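Okay, structure first, notes after.
The values are calculated or read from the model by the stated rules, or taken from the named source; none is laboratory data. What you see is a predicted model, and the numbers here were worked out from it, not measured in a lab. All Cβ positions, even for glycine, are placed from backbone atoms using ideal geometry, and neighbour counts span all protein chains on display.
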Number of protein chains: 2
Amino acid sequence: MKLITRNIDYAVRALLYIARSKKEVISVSELVEELNLPKPFLRRLLQTLHKRKVLKAYKGYGGGFSLALSPRKIYLGELIRIFKGNIKLNECIFKRKLCPNRNNCPLRRKIKEIENYAISKLESTTISSLLD
Amino acid sequence: MKLITRNIDYAVRALLYIARSKKEVISVSELVEELNLPKPFLRRLLQTLHKRKVLKAYKGYGGGFSLALSPRKIYLGELIRIFKGNIKLNECIFKRKLCPNRNNCPLRRKIKEIENYAISKLESTTISSLLD
DNA sequence: TATAATGATATAATATAAGTATCATTTGTC
DNA sequence: GACAAATGATACTTATATTATATCATTATA
């Protein structure tokens, strides 16, 4: 039932740290020291954020990561999409064909309401807004 | 990220079926035939609903389950609690001690807003309201 | 007494999340 | 140029939750 997995939680912490830092480029080692997160896990997740154009990466001595976007343009919703795919609190058990009344399933409708609320919140929350 | 697992989905289907039926007592076999759900799984879940006083159970020939509560008194929130424990979209990675600013963690606050909305919806949705 | 039901509980299978390990590549410094 | 410090790519392992199945005991009715 978790909306926020560790990937996402760690990503937010790292992004906030980078956004707050005076330095442009921050290495994984620094993040690990400051945030006390497991290094290989964090590394992999930052690589993903790089692939998805949220971070810029710098190889070699003195390298690390910097934000590729303004904190105002990094949305929680996007981070969730990156690590978990589309936001769905739903997911009908029956795959179309089997469920007789998918379209007016009352449970589905209720959950959809909650889902829509969650999506609108997540899509309007940015790293910038979490900075305080 | 699922709010509704199969336990809960199946439970809702079964409860709706029982609520709609003219008969009081419905056997697992009948539910399985009508709803096309896996029998041992459904059975176990109905036993749980019995233990949690949502259903009454009748052993022996002609036995089965009936509602122990009016459909107006069976809340989605309660079903979720029965099968998944308290509703939390949250769950801080760090256990109290470790996270420096648990109390004013901005991410936590945002998710809490969504959680509160979800809870209020789920606690106000009853089996009766899903009957149409 | 046979049969059709639930009660209780142990076990298995599968999927997802969380985390580790390793080798390749790049780049700055001495 | 050699070394060290960084990321790139990717395969693997471990842990946990979800989704079941199986079986023996108990109860009630025809």
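Couple of notes before you dig in:
- Selected residue (only one of A:Glu78, A:Glu115 is away from DNA strand C (no atom under 16 Å from the Cβ) and either modelled with pLDDT of 90 or more or touching a Leu at 6+ places or on another chain (Cβ under 6 Å) (or both)): A:Glu78
Conditions tested, residue by residue: (1) in a helix (DSSP H, G or I); (2) within 23 Å of A:Ile111 (Cβ to Cβ); (3) among the hydrophobic types (A, V, I, L, M, F, W, C).
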residue: B:Met1; (1), (2), (3): no, yes, yes
residue: B:Asp9; (1), (2), (3): yes, yes, no
residue: B:Arg13; (1), (2), (3): yes, yes, no
residue: B:Leu16; (1), (2), (3): yes, yes, yes
residue: B:Ala19; (1), (2), (3): yes, yes, yes
residue: B:Glu30; (1), (2), (3): yes, no, no
residue: B:Arg44; (1), (2), (3): yes, no, no
residue: B:Thr48; (1), (2), (3): yes, yes, no
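- Restricted to segment B:25-44, and to residues there that are more than 10 Å from DNA strand C (Cβ to nearest atom) and surrounded by 13 or more Cβ atoms within 10 Å (Cβ to Cβ), the residue that is farthest from the chain's Cα centre (by Cα) is B:Glu34.
- In summary, A:Lys2 fulfils each of the numbered conditions (1) more than 11 Å from DNA strand D (Cβ to nearest atom); (2) surrounded by 15 or more Cβ atoms within 10 Å (Cβ to Cβ); (3) charged (D, E, K, R) with the single exception of condition (1).
- Residues within segment A:24-51 that are near DNA strand D (Cβ under 7 Å from one of its atoms) and either within 14 Å of chain B (Cβ to nearest Cβ) or modelled with pLDDT under 95 (or both), tallied: 0
- Filtered residues of segment A:56-75 (kept if surrounded by 15 or more Cβ atoms within 10 Å (Cβ to Cβ) and away from DNA strand C (no atom under 16 Å from the Cβ)): A:Leu67, A:Ala68, A:Leu69, A:Pro71, A:Ile74, A:Tyr75
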